[in-house]
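Structure first, then comments.
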Amino acid sequence: MDIVKFIFDNRIYFEDFITRSTHHSNAIEGNTLSYAETYAIIFNDNSLTVKAEPREFYEAVNHKYALNYMMNNLKESFNQRFIINIAKLINKNISEIDGFRKTQVFINKAEFIPPPPSLIYNEMMYFIHDYNQREYDNTFYKAAEFHLRFERIHPFDDGNGRTGRILINYELLKNNLSPIVITKDLRAEYFSYLADQNIDGLALFFKNLSKTEEKRIEQFSQLSISSKNSNKTNDENSLENEF
């Protein structure tokens, strides 16, 4: 199965995946919107009245567009422009960044201190070079290693976690592996891998989430087949009734 094609062709799964990805990635960072509120915002569902703070509203909308940009550009080279474009979309109407950060940042509850802004360009240059040049037998290990590196560099003033998690799925989808959704209830486990720089643990974490999503995709695929068969039967019955 072509995973990306399935995501775009199956409207029900598309909305399911985009909403879950957006809701949980934002919730990990403290966004308080519910799943239903997130869906209503990003898919214009007027049946639910949502009273959201401006930042939380834009976090939902922005994440949807950043995901869509990533999935539509899987064949684009992994370069500085690609990464910055995702971060710009994540921060639109919030921080309005124009590139890598120019100030020092500190991560709440983290022991390490990200590199100073004077080193960001070089750090990201090496990051992108290694990403493109190193060969890996295990895609999940590569995704884990570079996610850890990205979050340590923390190249943007805001939105590093959301941007980094989208880049995980860039690597998985590019290799036709099921994407992952790190749910908010797994936040503590996920953060522990980041804090400990545990590549092996994070790689297995990603693999298990991808397997879970693979099963979900299969369920939606079967649902789609059943629906098509049902519609076909109804159409045939309608034709029979005409004669």
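Just so you know, all these numbers are worked out from the coordinates, no wet-lab data involved. This one's a predicted model, so the numbers in the text were calculated from it and none came from an experiment. Because the Cβ atoms are built from the backbone with ideal geometry, glycine has one as well, and the counts that use them run over all protein chains shown.
For region 61-77, putting each phi into the Karplus relation 6.51 cos²θ - 1.76 cosθ + 1.60 with θ = phi - 60° gives couplings of 4, 4, 5, 4, 5, 5, 4, 4, 4, 4, 5, 8, 10, 5, 8, 6, 4 Hz, in residue order, rounded to whole numbers and with x for Gly and Pro.
For Lys174, the lysines whose Cα falls under 24 Å of its own Cα, not counting residues fewer than eight places away in the same chain, are Lys5, Lys64, Lys75, Lys88, Lys142, Lys207, Lys211, Lys215. Along the axis of the charge dipole computed for region 1-135 (Cβ charges of +1 for Lys and Arg, -1 for Asp and Glu, origin at the Cα centre), the listed residues Leu48, Ile84, Phe6 are led at the positive end by Ile84. Dipole of region 3-231 computed with +1 at Lys/Arg Cβ and -1 at Asp/Glu Cβ about the Cα centre; of Asn73, Phe205, Thr183, farthest Cα towards the positive end is Asn73. Size of region 3-231: Rg and Dmax of its alpha carbons, in Å, are 17.6, 61. Between the beta carbons of Ile12 and Thr32, assuming R0 = 41 Å, the FRET efficiency works out to 0.95 to the nearest 0.05.
Between the beta carbons of Val61 and Arg134, assuming R0 = 35 Å, the FRET efficiency works out to 0.50 to the nearest 0.05.
The C-alpha atoms of the chain define a longest principal axis, and helix 11-28 lies at about 30 degrees to it.
Take every Cα pair under 8 Å in the chain that's 6+ residues apart, average their separations, divide by the length, and report that relative contact order as a whole percent.
21 percent
Helix 187-196 versus the longest principal axis of the chain: what angle, 0 to 90°, nearest 10, using Cα atoms? For 187-196 against the chain, the angle is about 30 degrees. Here the extension length gained between Glu76 and Gln219 equals 48.5 nm, from 0.36 nm per residue of separation less the Cα-Cα distance.
Dipole magnitude for region 1-160: about 220 debye, using +1 per Lys or Arg Cβ and -1 per Asp or Glu Cβ, origin at the Cα centre.
Residue ranges 21-32, 105-116 sort as 21-32, 105-116 when ordered by packing (mean number of other C-beta atoms within 10 Å per residue, highest first). Helix 160-174 and the longest principal axis of the C-alpha atoms of the chain enclose an angle of approximately 50°. Taking a virtual spin label 7 Å from the Cα of Asn175 along the C-beta vector, which residues in region 1-19 bring their backbone nitrogen under 20 Å of it? Answer for this model: 1-7. Cross-link partners for Lys92 among the aspartates and glutamates, with Cα-Cα distance under 13 Å and sequence neighbours closer than 8 places in the same chain left out: Glu56, Glu59, Asp157, Asp158.
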